[in-house]
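Contents: one structure, followed by commentary.
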Amino acid sequence: TGVQTCALPILGPSLLSVWSGVPANSLKELLAYEKSNPGRLTMASSGGYAHFSSELFHHMSGMKLVVAIYKGGFPALVDTMAGQAHINLGALLQSIPHLKSGKIRPLATSGAKRAASTAPWRTVICW
């Protein structure tokens with residue numbers, strides 16, 4: 001008779017992070033680095049919403065990035081931590097456990113306002 005919900009999509013902030021070998025500690029520094037090295041940076045992206053977000057950032061920032069599509073957020077994050085990709089825009093919850101390793105560096109989060117869990121990092125909009 002009626003349709004019942006069996007699952008809800010999980011929505012949450014994304015984290016823009018870079019491989020530790022990228023000489024940028026802020027989004028402003030990343031933009032400056034890319035301008036002096038156009039076309040040399042690779043952004044790891046997974047499909048669906050994350051890919052849309054990556055392409056939107058790529059377009060709005062004016063950066064000349066190579067966008068590599070992965071079969072999921074975790075493979076994209078792993079390749080960023082290994083230096084195979086330079087930039088990752090992925091789920092915050094997926095990225096947080098790996099920040100302590102020092103292999104990726106957080107630059108900014110998505111959203112119009114800082115969330116309590118992301119207080120140390122500026123949002124992309126703030127830049």
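The values are calculated or read from the model by the stated rules, or taken from the named source; none is laboratory data. All values reported here derive from a predicted model rather than from experimental measurement. With ideal geometry, Cβ positions are generated from the backbone for all residues, glycine too; neighbour counts draw on all protein chains shown. Note: areas computed on protein heavy atoms with side chains; ligands, DNA, RNA excluded. Shrake-Rupley method; radii C 1.70, N 1.55, O 1.52, S 1.80 Å.
Suppose the filter is aliphatic (A, V, I, L, M) and at pLDDT 95 or above; does residue 66 pass it?
On the way: aliphatic (A, V, I, L, M): yes; at pLDDT 95 or above: no.
It is false that residue 66 is aliphatic (A, V, I, L, M) and at pLDDT 95 or above.
Of all residues in the range 69-95, exactly one satisfies the criterion of being modelled with pLDDT under 95, over 11 Å from the mean Cα position of the chain (by Cα) and crowded, with 18+ Cβ neighbours inside 10 Å, namely 70. Contact map, the range 10-38: residues that are touching a residue at least 60 places away in the same chain (Cβ under 8 Å) and small (Gly, Ala, Ser) paired with residues that are in a loop (DSSP other than H, G, I, E, B) and open to solvent by less than 30 Å² (accessible area, probe 1.4 Å), Cβ distance under 9 Å, separation 6+ or inter-chain. Pairs shown: 20/83; 21/83. Of all residues in the range 50-68, which are in a loop (DSSP other than H, G, I, E, B), small (Gly, Ala, Ser) and surrounded by 13 or more Cβ atoms within 10 Å (Cβ to Cβ)? If the condition is that a residue be in a loop (DSSP other than H, G, I, E, B), small (Gly, Ala, Ser) and surrounded by 13 or more Cβ atoms within 10 Å (Cβ to Cβ), then no residue fits. Evaluated against (1) in a loop (DSSP other than H, G, I, E, B); (2) surrounded by fewer than 18 Cβ atoms within 10 Å (Cβ to Cβ); (3) at pLDDT below 90, residue 121 falls short on exactly one condition, (2).
If I ask for residues that are loosely packed, with under 14 Cβ neighbours inside 10 Å and either at pLDDT 90 or above or under 23 Å from residue 56 (Cα atoms) (or both), which ones from the range 102-118 would you list?
Step one: list which residues in the range 102-118 are loosely packed, with under 14 Cβ neighbours inside 10 Å, which gives 102, 112-113, 116-117.
Of everything in the range 102-118, those that are loosely packed, with under 14 Cβ neighbours inside 10 Å and either at pLDDT 90 or above or under 23 Å from residue 56 (Cα atoms) (or both) turn out to be 102, 112, 113.
Look at the range 8-49 and say how many of its residues are aliphatic (A, V, I, L, M) and either open to solvent by 80 Å² or more (accessible area, probe 1.4 Å) or in a helix (DSSP H, G or I) (or both). Let's see the steps before the verdict.
From the range 8-49, those aliphatic (A, V, I, L, M) are 8, 10-11, 15-16, 18, 22, 24, 27, 30-32, 41, 43-44; that's our starting set.
Keeping just the survivors that are either open to solvent by 80 Å² or more (accessible area, probe 1.4 Å) or in a helix (DSSP H, G or I) (or both) gives 8, 10-11, 27, 30-32.
Total satisfying the criteria: 7.
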